[in-house]
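Here the structure is laid out as structure tokens; the discussion comes afterwards.
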Amino acid sequence: MSDFISFKSLKRSPKPNTCLVAPENHCLAAEPDFAPPIVALSGRGLYSRLNEVIASERSWGKLEADPEQLRIKFVATTGLMRFKDDVDIEVIPLENGKATFAIYSRSRIGYSDLGANRKRVSDLIRRVTTN
């Protein structure tokens, strides 16, 4: 039905133009840049919050969302050069009504992104975890 990436088997490009955030042992074939926070929202609550934040950003266009799988895929367009970057998100429900997520943001072209993907992911996390 969908073409969401598999975080379990994800293999990262050797180029420094990606950012991967995932809980420990969630990606078996790739090393995350850092671990995501645990959020005091249910899996569905975190999924809804992520959708709200993504929808509020003019340069982010949602391609696909699956509320049953708690997956989101969108394209972020950079400001000046209008480069397109692909972003996949998987919400991971935890016990006690909490959740976390995995995010993989990567540039379609070029070698270095000058930290654009890491900045985007960090900004998305900040916006989702603050009121």
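The values are calculated or read from the model by the stated rules, or taken from the named source; none is laboratory data. On a predicted model such as this, the values are computed, not experimentally measured, just so you know. Positions of Cβ are backbone-derived with ideal geometry, glycine not excepted, and every protein chain shown enters the neighbour counts.
Structure data summary
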{"quantity": "Count of residues meeting criterion [in a strand (DSSP E or B) and not β-branched (Val, Ile, Thr)] in region 71-86", "calculated": "7"}
{"quantity": "Pair list, Cβ < 8 Å and 6+ apart or interchain, from region 85-98 residues that are within 18 Å of residue 40 (Cβ to Cβ) to residues that are β-branched (Val, Ile, Thr) and outside any strand (DSSP E or B)", "calculated": "94/38; 98/38"}
{"quantity": "Residues being part of a loop (DSSP other than H, G, I, E, B) and within 12 Å of residue 103 (Cα to Cα) - total across region 13-52", "calculated": "9"}
{"quantity": "Unique residue being in contact with a His (Cβ under 6 Å, 6 or more places away or on another chain) and not β-branched (Val, Ile, Thr) when the list is 55, 22, 35, 102", "calculated": "102"}
{"quantity": "Options 40, 116, 35: the member that is among the aliphatic types (A, V, I, L, M) and modelled with pLDDT under 95", "calculated": "116"}
{"quantity": "Criterion (of a type in the set (A, V, I, L, M), over 22 Å from residue 107 (Cβ atoms), at pLDDT 95 or above and under 14 Å from the mean Cα position of the chain (by Cα)) met by exactly one of 50, 70", "calculated": "70"}
{"quantity": "Any hit, region 106-121, residues being crowded, with 20+ Cβ neighbours inside 10 Å, acidic (Asp, Glu) and in contact with a Lys or Arg (Cβ under 8 Å, 6 or more places away or on another chain)", "calculated": "no"}
{"quantity": "Every pair of residues 6+ apart whose Cβ atoms lie under 9 Å, when the first sits in region 22-41 and is over 14 Å from residue 121 (Cα atoms) while the second is surrounded by 13 or more Cβ atoms within 10 Å (Cβ to Cβ) and modelled with pLDDT under 95", "calculated": "27/12; 29/12; 30/12; 31/12; 39/129"}
